[in-house]
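No lab work stands behind these numbers, since they all come straight from the coordinates. What you see is a predicted model, and the numbers here were worked out from it, not measured in a lab. Reconstructed Cβ throughout: ideal geometry from the backbone, glycine too, with neighbour counts over all protein chains shown.
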Amino acid sequence: MPGRLIDLFAGCGGMTSGFVAAGFEPVLAVEWELPAAATYAANFGEDHVVCGDIAAVAEDAVPEADVVIGGPPCQGFSNLGAKDPADPRNRLWREYVRVVARARPAVFVIENVDRFRSSHEFALLIDEVERGRLRRYRLTHAVLNAADYGVAQRRHRTIVIGSRIGPPHLPEPTHVDRPVSVRRALHGVPRHPVGTELPDSAETYFGRRVPGSFKAAEIHVGRRPTATSAERYRAVPPGGNRFDLARERPDLLPDCWRNKPTGTTDVMGRLWWDQPSVTVRTEFYKPEKGRYLHPEEHRPITHLEAARLQSFPDDFLWCGSKVAIAKQIGNAVPPLLARRIAETVAELLDRG
Ligand SMILES: C[S@@+](CC[C@H](N)C(=O)[O-])C[C@H]1O[C@@H](n2cnc3c(N)ncnc32)[C@H](O)[C@@H]1O
């Protein structure tokens with residue numbers, strides 16, 4: 001057994017999923033959004049989950065752990081004010097350090113957006129490691145691309161590993177020259193969604209009713225596009241985007257695009273079968289937000305397809321509304337990337 005695990009800001013548990021696959025045992029998870037906490041509980045158990053604000057977790061409710069994972073969501077991207085204890089952006093960070101200091105893990109892992117290293121929170125982290133409560137830890141950090149680790153998605157995230165038992169290291173990339181394609185990730189998923197709505201079922205988590213829990217096949221749900229949207233989807237060829245739409249069917253262009261003929265090529269784009277996908281975000285069901293059209297079908301990807309592109313296993317259960325589940329999927333650390341990180345952490349613990 002590699003060790004005891006605490007997940008702060010746990011979301012649906014994408015990161016925990018990878019650590020559990022590598023043999024870790026979750027002993028505390030904190031997540032304040034009920035649908036995400038319910039999804040976490042459906043997969044990893046409810047007994048060790050605090051569904052609430054991290055600030056409400058009492059000192060004596062924090063168990064000792066070998067590893068703490070998760071990072072405070074970034075509030076902004078400026079180092080200004082990093083030293084000002086009254087800055088409201090310090091709040092989550094202070095809570096994070098409080099729990100880590102109490103749990104005394106051998107290793108902690110922070111995942112955050114790629115710009116994290118130019119954020120206020122990163123400056124605070126360095127300050128804590130240099131002269132604060134984390135000064136026994138040594139750090140390593142880099143921006144990793146999930147596609148380099150076998151996830152069928154280009155997703156750049158900052159990973160920080162802090163260790164007080166030996167020099168930490170990041171996992172070696174395994175798939176730089178042979179990335180996993182969308183085709184492979186969606187293998188076996190039926191071409192047609194099962195419908196547009198989730199089944200009408202609910203379970204009780206944390207004393208409240210939550211829609212779910214839903215199996216993979218049940219979240220293969222699409223949307224009911226307007227006639228105009230459906231026509232737009234049809235006008236985008238394989239690998240195309242909104243510029244093809246502008247050429248083929250200018251009559252279908254919304255005014256905002258007509259007036260802005262330049263810009264990102266991902267808007268209203270189709271995924272490519274033989275490449276990893278673009279980053280799956282929380283609104284992947286809206287093709288006007290990115291390259292989220294199915295490679296061939298005239299529709300955006302479904303929740304199941306997004307979960308597959310994030311490398312969630314098909315036995316993962318989901319709770320919440322369609323919007324809430326999409327948010328959980330888009331916010332998650334791909335379980336496969338988390339597993340690679342967990343394996344390097346397990347090696348560190350073995351040696352330490
Ligand atoms: C990026 S998501 C985490 C994703 C997660 N690591 C995964 O792999 O699935 C950040 C989470 O922090 C939660 N969160 C933000 N502020 C919080 C707070 N004060 N207390 C507890 N959870 C919080 C959000 O609801 C969100 O689900």
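Numbers below:
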{"read-out": "Whole-Å distance, taken between Cα centres, linking region 31-69 and region 271-289", "value": "30"}
{"read-out": "Rg(Cα) / (2.2 N^0.38 Å) computed for the chain, rounded to two decimals", "value": "1.03"}
{"read-out": "Gain upon complete extension [T226, A21; 0.36 nm per residue less C-alpha separation]", "value": "69.7 nm"}
{"read-out": "Protection proxy ranking of 336-344, 62-70 - average other beta-carbon atoms within 10 Å, highest first", "value": "336-344, 62-70"}
{"read-out": "Highest to lowest packing among 3-9, 130-136, 176-182, scored as the average C-beta count within 10 Å", "value": "3-9, 176-182, 130-136"}
{"read-out": "Per-bin percent of Cα-Cα distances, region 183-331 [10 Å]", "value": "11, 40, 31, 14, 4, 0"}
